[in-house]
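The values are calculated or read from the model by the stated rules, or taken from the named source; none is laboratory data. Quick caveat, the model's predicted, so the values are computed rather than measured. Glycine also receives a Cβ, built like all others from the backbone with ideal geometry; neighbour counts cover every protein chain displayed.
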């Protein structure tokens, strides 16, 4: 139950699939019998995070969008990635028809906190970034 916290009848959740933060409220529960396992679905990616027993249903409200797939892959936040102002380059090999992966050079001006967090140094080449985390539909 990742990120599960009770506060009265409102629960705070963090989606284990996409990282979105959201609240969960039980609607129409409190009955004595007939409790069924009802899904708690992430309002961002719509995947079932977990199930809870209730005689009602659950409604969810998105509190915070998850970080982009690229930020998640790099282990930094969207804000940290924006501050870096990286120039992503496509590795197309010799054919230039197909992108195999992406890469970038850690730019001058990257905040020290980001460098400390990642272990990168100015000028390091970060490569083999999967196409799937850059070219998101």
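Please enumerate the residues belonging to segment 66-86 that are surrounded by 14 or more Cβ atoms within 10 Å (Cβ to Cβ) and in a loop (DSSP other than H, G, I, E, B).
Filtering segment 66-86 down to residues surrounded by 14 or more Cβ atoms within 10 Å (Cβ to Cβ) leaves 66-74, 76-78, 80-81, 83-84, 86.
Result: 66, 67, 68, 76, 77, 86.
Against the condition loosely packed, with under 12 Cβ neighbours inside 10 Å, assigned by TED's automatic domain parsing to the domain that holds residue 78 and part of a strand (DSSP E or B), how does residue 116 come out, does it pass? Full working, then the answer.
Details: loosely packed, with under 12 Cβ neighbours inside 10 Å: yes; assigned by TED's automatic domain parsing to the domain that holds residue 78: yes; part of a strand (DSSP E or B): no.
No, not satisfied.
Of the numbered conditions (1) part of a helix (DSSP H, G or I); (2) closer than 19 Å to residue 130 by Cα, residue 99 fails exactly one; give the number of that condition.
(1)
For segment 82-108, name all the residues that are over 28 Å from residue 45 (Cα atoms) and in contact with a helix residue (DSSP H, G or I) (Cβ under 8 Å, 6 or more places away or on another chain).
Within segment 82-108, 106, 107 qualify.
Just to verify a result, which residue in segment 27-49, among those that are within 13 Å of residue 61 (Cβ to Cβ) and surrounded by 13 or more Cβ atoms within 10 Å (Cβ to Cβ), is modelled with the lowest pLDDT? Walk me through it before giving the result.
As a first pass, look at segment 27-49 and keep what is within 13 Å of residue 61 (Cβ to Cβ): 27, 40-44.
Next, from what is left, pick out any that are surrounded by 13 or more Cβ atoms within 10 Å (Cβ to Cβ): 40-44.
Details: 40: 94, 41: 95, 42: 92, 43: 92, 44: 86.
By that ranking, first place goes to 44.
Could you tell me whether residue 81 is in the same structural domain as residue 126 (by TED's automatic domain parsing), under 17 Å from the mean Cα position of the chain (by Cα) and modelled with pLDDT of 85 or more? Full working, then the answer.
Numbers: in the same structural domain as residue 126 (by TED's automatic domain parsing): yes; under 17 Å from the mean Cα position of the chain (by Cα): yes; modelled with pLDDT of 85 or more: yes.
Answer is yes for this residue.
Determine which single condition residue 61 fails, assuming it passes every other condition in (1) under 30 Å from residue 23 (Cα atoms); (2) exposed (fewer than 15 other Cβ atoms within 10 Å of the Cβ); (3) over 21 Å from the mean Cα position of the chain (by Cα).
The one condition residue 61 does not meet is (3).
Can you pull out the residues in segment 123-134 that are loosely packed, with under 12 Cβ neighbours inside 10 Å and either part of a loop (DSSP other than H, G, I, E, B) or in contact with a helix residue (DSSP H, G or I) (Cβ under 6 Å, 6 or more places away or on another chain) (or both)?
Hit for segment 123-134 is 123, nothing else.
Looking at (1) in the same structural domain as residue 130 (by TED's automatic domain parsing); (2) outside any helix (DSSP H, G or I); (3) more than 21 Å from the chain's Cα centre (by Cα), can you tell me which one residue 38 breaks?
(1)
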